[in-house]
Amino acid sequence: MTTTEESELVEVPFWFDPLCPWAWVTSRWLLEVERVRPVHADWRLMSLAHLNLVQRKGEGLSDDYRNQMEKAWGPVRVCAAAAEHAGRGVLGPLYTAIGTRFHNQRRRDDPTVITEALTEVGLPDELVKAATGEEFDQLIRDSHDEAFNEVGLDVGTPVLRISGTALFGPVLRQAPRGEAAGRLWDGLVLVAGTEGFFELKRSRDRSVRPSFD
């Protein structure tokens with residue numbers, strides 16, 4: 001039997017690529033929202049590599065960023081393999097395990113990160129082999145398209161769905177905590193529920209970097 005509290009829980013689809021530092025900060029905010037509002041994150045995959053190299057055809061990318069995008073296929077493919085192996089419910093713990101190492105520990109170029117993360121969440125090490133294959137690319141594209149067919153290709157990640165509306169953002173330098181996280185959530189619910197709303201944005205200085213503390 002479902003309790004009243006459980007029946008009122010709001011599922012929030014959140015599309016992530018484990019390599020994106022901005023999505024990482026927003027995801028930590030959403031976990032904080034879970035503590036102060038009846039919200040549950042529904043973790044889903046998108047691919048920065050697919051978005052930038054395929055859908056945008058690599059236009060305007062520097063050589064350095066193009067190389068980063070080529071490498072970005074690996075982690076998201078492993079996440080897709082993990083979801084196929086153990087169900088989508090494993091994506092949240094695996095994202096946390098990978099993201100903590102990539103972003104908080106600043107180990108994005110450490111080849112042992114993915115294997116460590118798989119071990120932490122109780123998944124078999126051999127799933128790391130998915131990083132170099134295309135077996136799960138259609139699964140990634142299907143999940144990716146669910147978000148970007150609605151939100152558009154002129155945005156990136158994070159993408160989440162609130163009140164039936166897919167939105168890019170919120171883009172945060174650092175994750176609000178406690179009731180501050182809840183108030184931001186409340187504001188987004190109001191904005192997303194406004195008929196005809198499309199965009200709310202300000203320019204971000206290139207010197208601004210996400211904070212993982």
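Since every read-out is calculated from the coordinates, none of them should be taken as a lab result. Just so you know, these numbers come straight off a predicted model, no measurement behind them. In this analysis, Cβ positions are derived from the backbone assuming ideal geometry, glycine residues included, and neighbour counts consider all displayed protein chains.
Annotations for the structure displayed:
- Secondary structure note: in the chain, about 45% of the DSSP beta bridges are antiparallel.
- Amide hydrogen neighbours beyond the local backbone of VAL10, cut-off 5 Å, H modeled: VAL39, HIS40
- Pairwise FRET efficiency - LYS129 versus ASP42, Cβ, R0 = 25 Å, nearest 0.05: 0.40
- Listing PHE197, PHE14, PHE136 from fewest to most neighbouring C-beta atoms within 10 Å gives PHE197, PHE136, PHE14.
- Option label - Kirkwood radius over Cα pairs in Å computed here, alternatives (i) 20.1; (ii) 19.1; (iii) 17.9: (iii)
- For GLU150 and LYS57, the difference between the fully extended length at 0.36 nm per residue and the C-alpha to C-alpha distance is 31.5 nm.
- Loop-located GluC sites (Glu not before Pro) in the stretch 59-154, at most 13 other Cβ atoms within 10 Å (DSSP): GLU59, GLU134, GLU135
- Neighbour counts of C-beta atoms inside 10 Å place HIS144, HIS50, HIS40 in the sequence HIS40, HIS50, HIS144, starting with the fewest.
- Exposed loop sites, defined as trypsin sites (Lys or Arg not before Pro) outside DSSP H, G, I, E and B with at most 11 other Cβ atoms within 10 Å, are absent from the longest region of the chain, namely 107-172.
- Taking amide H as placed 1.01 Å from N in the peptide plane, the amide H of ARG107 sits under 5 Å from that of PHE102, each at least 5 places away or on another chain.
- Backbone geometry of the stretch 94-110 corresponds, through the Karplus equation with coefficients 6.51, -1.76 and 1.60 at θ = phi - 60°, to 3J(HN,Hα) couplings of 5, 4, 4, 5, 6, x, 4, 6, 5, 9, 5, 8, 6, 10, 4, 9, 8 Hz, x marking Gly and Pro.
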